[in-house]
Amino acid sequence: MRFDSIIGQERPIRLLTRMLKKGSIPHALLFTGVDGIGKQTTAVALGMALNCLSPVGVSACEECPSCQKVISGSHPDMITVKPDGAFIKINQVRALSRQLRFAPLEGKWRIIIINDAQAMNLEASNAILKMLEEPPKGTVIILTAPQTLDLLPTIVSRCQQIAFRPIPYEKVAEILLESGLDKQTATTLAVSTKGSLGKAMSVDGEKWTIWRTHLLEQIASLSIRSVQPLFAFAETLARDKDRLVDALDMIMTWFRDLLMCKVSPGRIINKDFITKIEHASQGRSIDDLLKKVVAVHAAQAAILRNSNPRLALEVMIMRLCS
């Protein structure tokens, strides 16, 4: 939980350590970026550094009583709020507000971390907004969310935003290799998780490899199927809601590889499918393959907008096979 242990987020860490050195911590911070890239870990590291009794530079020592309580999750001045089910609800914010009536119990600072702030319902959002407008003394509120568009503009305007970028997939792959995965699995998993180290580390490598192989085999044979199996494939993808986003990302890497096969073969990701990629790219123009990429992207965008997943996938499949 020291700043120097957070991977791939040099700019956010540089900004935060500069604030600590100057002693000018904003009362509200907003960390944005995809899940699994260090937003929550950084929030805890900042809170731990603020109340550390024997800081090392501006980082926490990890050894003093205050740090040990943060590490064990028992520090009374480090409060985390996260969704209760699908949402962060008004009763959670009200309970938080009652705690903020009093001074920090042990440390100089009270740190409130609101994880997945985009999950706040409207009532909770308005209550948090009031809290940001009248911030309690000695309190730092840190919100994490994928992007500012997911929050009320008035909340965003009252926070100092710090953007976290996806971790370079080469670095994620390197860490996965160290964890025992083979190079091909580590590379493709790093790419498919879009720089989310947390997500990549949470995956069962063996099960993921079986799923990926099966999916790519199906994509490779799309063009030779009749219409009925194509719609069945779209239905299968739509039913597996937990993996739908990952499946579309994997399909995107397939058509990206078909393009790379024509313009830069050394950049192919799915190297264990190289023979099928070379075969599938033959007779296809770059323009045609770009249209396939656009079709997958359109399906991803439609599903992100909460469109009917099965319909979006059926349209995508027909475009891929046209």
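The values are calculated or read from the model by the stated rules, or taken from the named source; none is laboratory data. This one's a predicted model, so the numbers in the text were calculated from it and none came from an experiment. When we count neighbours, we look across all protein chains shown, and the Cβ atoms used for this are built from the backbone with ideal geometry, even at glycine.
Values computed for the structure shown
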| item | result |
| --- | --- |
| Which listed residue, of 42, 80, is of a type in the set (Ser, Thr, Tyr), buried (at least 21 other Cβ atoms within 10 Å of the Cβ) and either without any contact (Cβ under 8 Å) to a residue 40 or more places away in the chain or under 24 Å from residue 158 (Cβ atoms) (or both) | 42 |
| Any hit, region 284-295, residues being more than 24 Å from the chain's Cα centre (by Cα) and in contact (Cβ under 8 Å) with a residue 60 or more places away in the chain | no |
| Selected residue [closer than 19 Å to residue 28 by Cβ and surrounded by fewer than 17 Cβ atoms within 10 Å (Cβ to Cβ)] from 97, 74 | 97 |
| One residue from 69, 89, 137 being basic (Lys, Arg) and under 17 Å from residue 28 (Cα atoms) | 137 |
| Subset of region 23-74 that is touching an Asp or Glu at 6+ places or on another chain (Cβ under 8 Å) and outside any helix (DSSP H, G or I) - its residue that is nearest to residue 161 (Cα to Cα) | 59 |
| Whichever residue in region 268-322 is among the aliphatic types (A, V, I, L, M) and part of a loop (DSSP other than H, G, I, E, B) and, among such residues, is nearest to residue 248 (Cα to Cα) | 269 |
| Positions within region 234-267 being in a helix (DSSP H, G or I), small (Gly, Ala, Ser) and over 23 Å from the mean Cα position of the chain (by Cα), in sequence order | 234, 266 |
| Selection status of residue 248, more than 24 Å from residue 36 (Cα to Cα), of a type in the set (A, V, I, L, M, F, W, C), buried (at least 17 other Cβ atoms within 10 Å of the Cβ) and at pLDDT 90 or above | no |
| Those residues of region 106-125 which are farther than 15 Å from residue 73 by Cα and out of contact with any Lys or Arg (no Cβ under 9 Å at 6 or more places or on another chain), in sequence order | 108, 109, 117, 118, 122, 125 |
| Positions within region 162-194 being surrounded by fewer than 17 Cβ atoms within 10 Å (Cβ to Cβ) and in contact with a strand residue (DSSP E or B) (Cβ under 8 Å, 6 or more places away or on another chain), in sequence order | 163 |
| Matching residues, region 1-22, being in a loop (DSSP other than H, G, I, E, B) and free of Cβ contacts under 8 Å to residues at least 40 places away in the same chain | 6 |
| Meets criteria (under 18 Å from the mean Cα position of the chain (by Cα) and surrounded by fewer than 18 Cβ atoms within 10 Å (Cβ to Cβ)) for residue 149 | yes |
| Output for region 131-162, where each listed residue is more than 22 Å from residue 78 (Cβ to Cβ) and of a type in the set (D, E, K, R) | 133, 150 |
| Residues (surrounded by fewer than 19 Cβ atoms within 10 Å (Cβ to Cβ) and either assigned to a loop (DSSP other than H, G, I, E, B) or charged (D, E, K, R) (or both)) located in region 200-232 | 203, 204, 206, 207, 217, 221, 225, 226 |
| Enumeration of residues in region 175-196 that are in contact (Cβ under 8 Å) with a residue 12 or more places away in the chain and outside any loop (DSSP other than H, G, I, E, B) | 175, 176, 184, 185, 186, 187, 188, 189, 190, 191, 192 |
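Listed here are the residues, each with its yes/no results for (1) among the acidic types (Asp, Glu); (2) out of contact with any Lys or Arg (no Cβ under 9 Å at 6 or more places or on another chain).
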position	(1), (2)
28	no, no
34	no, no
39	no, yes
57	no, no
60	no, no
64	no, yes
67	no, yes
77	yes, no
90	no, yes
